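Asks: Dropping the structure in here first, questions after.
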């Protein structure tokens, strides 16, 4: 796939709210954000609920790749000792370096014991911050015994392996690993998003006057922000692994084009449970038998955006594999192109013109356009081709600091802890996803022509408009100051990242201790 300029091609979601003044009040379900608590079974199994997956090149050693995942979303600092890795859960990072949507390599992580009082592993004493108690084992990158959603433990013989206690940097066999409680780096105003999709408000930030009339949202604060980081002050349990790039890069014949060169790989995370689930304080290490996948995650908020309110479909997705994701193509809209598809100027340039006319392409009422008004695209399947299969793609030839490239591979090349992935999503979405608007609206705007064979997010009639359309008009959730809206490799998190491995932010302490960060004030 060809990519142009720094921003290449990208993306997603439901788009562009030119029509909010005529919406009816129709209640819908709320969303939790990222993949935190994304399905009913995840609510019941937080240690196996993947919140986010990350992969990026180590900025201090560009021969190494970092892969990470978080679980136990919304971990409250006041009860730090209650969050652990599951001793019966197999955590895996899966790597596709041929382009077939299947894993050629896996990194497997298992844990024993619990963090909670009285069940700590005797090998792992409590550290100065009051944490400890789990013994972990990390094996890989290794060739999997089985490929797919049923897997087995790989051998510790002949494969890279480290083991030791949580909250400790473990090193050996050419790899490093760390696991423990950390500040959750994900940032989004999920509360206001839920108000928008429930049609209780219209936008992330209040627009008192527009060509469509007043569009209510959050007011601007004195510090120049208006969003509320719904994950501010919360922790998550993180697993971070560093591996040599030489161990994972592909050099085989590609069977598809989603990995567009031999230096690009696909990465995703999974959690699995044994066929015979048992909870114990100390289980038999490296137990044999098959593990059944209970969740997977690749790119940010894929399930949240495209498998919107169908819990049964979310559960099925969690147990599926990337090689099957071609079956999801019908869930994704067409991308706008440079060619008029419906006789009303329904093009990338037409969309940019409408956004500009509505006054949402500059502060204080919106973020500047990320893509130029004449952004070139001739492929209506652009969104499908870039987002399916749902894995994080990273080009290992792009080295820091130039490895952050919006829409170069999916939403961005890999995913770093501080990437503002929600603003990336919103800004790309409002410019690229096709929307069917009612004929004659505001004199006929782009997208109001006949639906024909278009696969568009349907807002005709407007009363039943796809709720996902409502959230992207402004291109940001305004958590950062307006002067920082286009700095997309800074997400406005409340906890600074570590300067070296494992890079993720230090966990928020018990409330009242030094370093306490309160939950963000609500409006």
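The values are calculated or read from the model by the stated rules, or taken from the named source; none is laboratory data. Everything numeric in this text was worked out from a predicted model, so none of it was measured. Using ideal geometry, Cβ is built from the backbone for each residue, glycine included, and neighbour counts are taken over all protein chains shown.
Asks: Tell me which of these residue 65 doesn't satisfy, since it passes every other one: (1) surrounded by 19 or more Cβ atoms within 10 Å (Cβ to Cβ); (2) farther than 15 Å from residue 238 by Cβ; (3) out of contact with any helix residue (DSSP H, G or I) (no Cβ under 7 Å at 6 or more places or on another chain).
Replies: Against the list (1) surrounded by 19 or more Cβ atoms within 10 Å (Cβ to Cβ); (2) farther than 15 Å from residue 238 by Cβ; (3) out of contact with any helix residue (DSSP H, G or I) (no Cβ under 7 Å at 6 or more places or on another chain), residue 65 comes up short only on (3).
Asks: Tell me which of these residue 404 doesn't satisfy, since it passes every other one: (1) surrounded by 15 or more Cβ atoms within 10 Å (Cβ to Cβ); (2) within 19 Å of residue 262 (Cβ to Cβ); (3) out of contact with any helix residue (DSSP H, G or I) (no Cβ under 8 Å at 6 or more places or on another chain).
Replies: With (1) surrounded by 15 or more Cβ atoms within 10 Å (Cβ to Cβ); (2) within 19 Å of residue 262 (Cβ to Cβ); (3) out of contact with any helix residue (DSSP H, G or I) (no Cβ under 8 Å at 6 or more places or on another chain) applied to residue 404, the lone miss is (2).
Asks: I'd like to check something: does segment 180-187 contain any residue that is closer than 16 Å to residue 367 by Cα, crowded, with 22+ Cβ neighbours inside 10 Å and modelled with pLDDT of 90 or more?
Replies: Let us first name the residues in segment 180-187 that are closer than 16 Å to residue 367 by Cα, namely none.
Within segment 180-187, none of the residues are closer than 16 Å to residue 367 by Cα, crowded, with 22+ Cβ neighbours inside 10 Å and modelled with pLDDT of 90 or more.
Asks: Something else now. Among (1) surrounded by fewer than 24 Cβ atoms within 10 Å (Cβ to Cβ); (2) modelled with pLDDT of 95 or more, where does residue 450 come up short?
Replies: So residue 450 meets the others, but not (2).
Asks: Just one of the numbered conditions (1) farther than 15 Å from residue 138 by Cβ; (2) surrounded by fewer than 19 Cβ atoms within 10 Å (Cβ to Cβ); (3) touching a strand residue (DSSP E or B) at 6+ places or on another chain (Cβ under 7 Å); (4) at pLDDT 95 or above is not true of residue 205; which one?
Replies: The one condition residue 205 does not meet is (2).
Asks: Mind checking which residues of segment 40-88 are in contact (Cβ under 8 Å) with a residue 12 or more places away in the chain and in a helix (DSSP H, G or I)?
Replies: If the condition is that a residue be in contact (Cβ under 8 Å) with a residue 12 or more places away in the chain and in a helix (DSSP H, G or I), then 40, 41, 42, 46, 47, 48, 77, 78, 80, 81, 82 are the ones that fit.
Asks: While we're looking at this one, here's another question. I'm trying to understand the selection: among the residues of segment 324-346, which are out of contact with any helix residue (DSSP H, G or I) (no Cβ under 9 Å at 6 or more places or on another chain), part of a loop (DSSP other than H, G, I, E, B) and either outside the structural domain of residue 438 (by TED's automatic domain parsing) or on the phi < 0 side of the Ramachandran plot (or both)?
Replies: Hits for segment 324-346 are 339, 341, 342, 346.
Asks: Could I ask something else about it? Take residue 167 and decide whether it is farther than 30 Å from residue 441 by Cα and touching a strand residue (DSSP E or B) at 6+ places or on another chain (Cβ under 8 Å). Working first, answer last.
Replies: Working: farther than 30 Å from residue 441 by Cα: yes; touching a strand residue (DSSP E or B) at 6+ places or on another chain (Cβ under 8 Å): yes.
For residue 167, the condition - farther than 30 Å from residue 441 by Cα and touching a strand residue (DSSP E or B) at 6+ places or on another chain (Cβ under 8 Å) - is met.
Asks: Only one of 415, 430 is within 20 Å of residue 329 (Cα to Cα), buried (at least 17 other Cβ atoms within 10 Å of the Cβ), in contact with a helix residue (DSSP H, G or I) (Cβ under 7 Å, 6 or more places away or on another chain) and not assigned by TED's automatic domain parsing to the domain that holds residue 65. Can you tell me which?
Replies: Values: 415 fails: within 20 Å of residue 329 (Cα to Cα).
It is 430.
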